[in-house]
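Working notes, structure below.
Readers should treat all values here as calculations from the given coordinates under stated rules, not as data from a laboratory. All of these numbers come straight from a predicted model, not from anything done at the bench. Glycine also receives a Cβ, built like all others from the backbone with ideal geometry; neighbour counts cover every protein chain displayed.
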Amino acid sequence: MTAEDRVPSTPAEYDRVVALAETRLVLMGSPGAETAAVADHLAARLGLPSIAIRDAIQSAVRAGTELGDDLRRFMNAERLPPPELLAAIVRRRLGEPDVVDGFVYWTEFPTLSVMRSLETLGIHTVELVLADAEATRRLTGRRTCRGCGMIWHIDSSPPLVEGVCDRCGGGLFHRDDDAPAAVAHRLSVYHTHCTPVLARYRAAGLLISVDATRPTEEIVTELTSRLEGG
């Protein structure tokens, strides 16, 4: 659904729709905060595209741009691309026609170079707040089905039979990146990247912080209300 698909019934509703249609939102959340799910639900609620760094990279590579070629050279050499290149790639993606009414860009690893490159777009910045202890509980408790890929959780959504998927009967396993040491490393990387970003926007009074321990729909409802000025 685009801005043109929404039909306001009152002047106030018209003003609200226009404001939301122009929303340019950057959503940041640690591993375990379900940032992608929140971004997708929020984007659907606002009628905007949900975009991640991988979408920006794929778009640049598919288009055969010079940026895509530069990125391919780093990938072929098994080297990390410089932040400036990633910033340019994200900026290019957020300049494409499908985001003219706005976007929800989400990331678990924001960098200052990328964020600064987006500031001229008039972005709103949002932090999904989740304590490391809760993030660790969520991630280390996950079990993945070898058959259908369904994800279960030993506490919040256990299968009827331990180690067996309810959906297809496949065996469940503990992914390497959900192991305690791997989760601790992911959280450390997140804080390294995110701390200066959050400090920048918090000091400027430009950061919306929301409690990410709640269900996705509650988070999306709160964010929509706050973006409306409610």
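Numerical summary
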{"item": "Relative contact order [Cα under 8 Å, 6+ residues apart], the chain, whole percent", "result": "26 percent"}
{"item": "Computed over the stretch 36-118, the ratio Rg/Rh where both radii use C-alpha atoms and Rh is Kirkwood", "result": "0.98"}
{"item": "Value of relative contact order over the stretch 37-133, rounded to a whole percent, pairs C-alpha under 8 Å and six or more apart", "result": "35 percent"}
{"item": "The chain: most fluctuating residue of GLU34, GLU217, GLU108 per GNM, C-alpha cutoff 10 Å", "result": "GLU217"}
{"item": "Beta bridges per DSSP with both ends in the chain, % antiparallel, nearest 5", "result": "30 percent"}
{"item": "Cut-off 13 Å between beta-carbons: net charge of the residues surrounding CYS148, Lys and Arg +1, Asp and Glu -1", "result": "+2"}
{"item": "FRET E, pair ARG79, LEU112, Förster distance 22 Å, beta-carbon r, rounded to 0.05", "result": "0.60"}
{"item": "More than 28 Å apart - percent of Cα-Cα pairs taken over the chain", "result": "40 percent"}
{"item": "Computed over the stretch 130-230: relative contact order in percent, which uses C-alpha pairs under 8 Å that are six or more apart", "result": "22 percent"}
{"item": "Long-range Cα-Cα pairs in the stretch 117-163 (distance over 17 Å), rounded percent", "result": "55 percent"}
{"item": "Cα Rg over Rh - the stretch 103-230, Kirkwood", "result": "1.05"}
{"item": "Rg/Rh for the stretch 62-157, where both radii come from Cα atoms and Rh is the Kirkwood radius", "result": "1.08"}
